[in-house]
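> The structure that follows is given in the form of structure tokens.
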Amino acid sequence: VRLGDGSCLDLSPDGRWALAAVSPTRLDILPCGAGSPRTIPLSGIEIHNAAWFPDGESICVLGLEGGGDARLFKVDAITGKAEAFSQPGISSYEIIVSPDGKSVASRGPDRRLMRYPVDGGPAAPIDGVLPTERAVKWSQDGTSIIAFSRGELPSKGTRIDIATGERHPWRELSP
């Protein structure tokens, strides 16, 4: 079923809405059932990626403001009010919001996976994630990151403990 224009970036925590990038500066919320689409009124942010926060009321946007380097923003899904919470220089499209919504994992300027507190505190590295791996999700309890290496079949998911950097096999997936 076609929901609307754009590239789907994420589904809302309740599964009722799809977040779509319609253009580099336009982010829409599309209903997955009955309802009307809404455009989030972003001003001056070029969107590279976006993901819902667990509250379903705000969105994490990886974007550029004023032609600078990419950084992370917390955006109100209704008003479009955006607050930056990372330094400029986020270097990839990976943005993974923690289950409690208090931090976001993304690659820093040196391509190392970092944990960025949404309250604006200092970022901390997430040890144990290899430079060749792509982080895809937090564990439900928020203590680990799940990562895999692209181009490897079967794809071997690894669970990486955020506190210690310990690595444990998680799942193998193959076509």
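Readers should treat all values here as calculations from the given coordinates under stated rules, not as data from a laboratory. Here the structure is a predicted model, which means the values were calculated and not measured. When we count neighbours, we look across all protein chains shown, and the Cβ atoms used for this are built from the backbone with ideal geometry, even at glycine.
> Would you mind calculating the relative contact order of the range 50-147 from Cα pairs under 8 angstrom and at least 6 residues apart, reporting the percent as a whole number?
18
> As I understand it, the dipole of the chain uses +1 on the Cβ of Lys and Arg and -1 on the Cβ of Asp and Glu, about the Cα centre. Which of Ile47, Phe148, Gly121 lies farthest toward its positive end?
Looking along the dipole axis, the top candidate is Phe148.
> So who's got an amide H within less than 5 Å of the one on Ser139, skipping anything under 5 residues away but keeping other chains? H placed 1.01 Å off N, in plane.
Close amide H contacts, sequence-distant or interchain: Ser144, Ile145, Ile146.
> Quick one: Kirkwood hydrodynamic radius for the range 1-91, alpha-carbon pairs, angstrom, one decimal?
13.1
> Once you place label points 7 Å from the Cα toward the Cβ at Gln140 and Arg38, how far apart are they in nm?
The two pseudo-label positions are separated by 2.9 nm.
> Could you compute the longest span of the chain free of trypsin sites (Lys or Arg not before Pro) located in DSSP loops and having at most 11 other Cβ atoms within 10 Å, not counting the site residues?
The longest such stretch corresponds to 3-110.
> Next up: Using a Gaussian network model on the chain with a 10 Å cutoff between Cα atoms, which of Gly66, Gly56, Gly157 fluctuates the most?
Gly66
> Let me ask you something else. List, in order, the whole-Hz ³J(HN,Hα) value for each residue of the range 106-121 obtained from phi through the Karplus relation with A = 6.51, B = -1.76, C = 1.60 and θ = phi - 60°; use x for Gly and Pro.
Ordered by residue, 3J(HN,Hα) equals 7, 7, x, x, 8, 6, 8, 5, 10, 10, 9, x, 5, 6, x, x Hz.
> Can you tell me the convex hull volume per residue for the range 1-53, based on C-alpha atoms, in Å³ to the nearest whole number?
73
> Name the GluC sites (Glu not before Pro) in the range 52-144 that are in a loop by DSSP and that have at most 14 other C-beta atoms within 10 Å, would you?
Filter output for the range 52-144: Glu57.
> Binning every alpha carbon pair distance of the chain at 10 Å from zero, what are the percents per bin?
All Cα pairs considered, the percentages come to 10, 37, 35, 17, 1.
> Hull surface divided by four, with the convex hull built on the Cα atoms of the range 114-175: how many nm²?
Values: hull surface 18.7 nm².
Mean shadow area of the hull around the Cα atoms is 4.7 nm².
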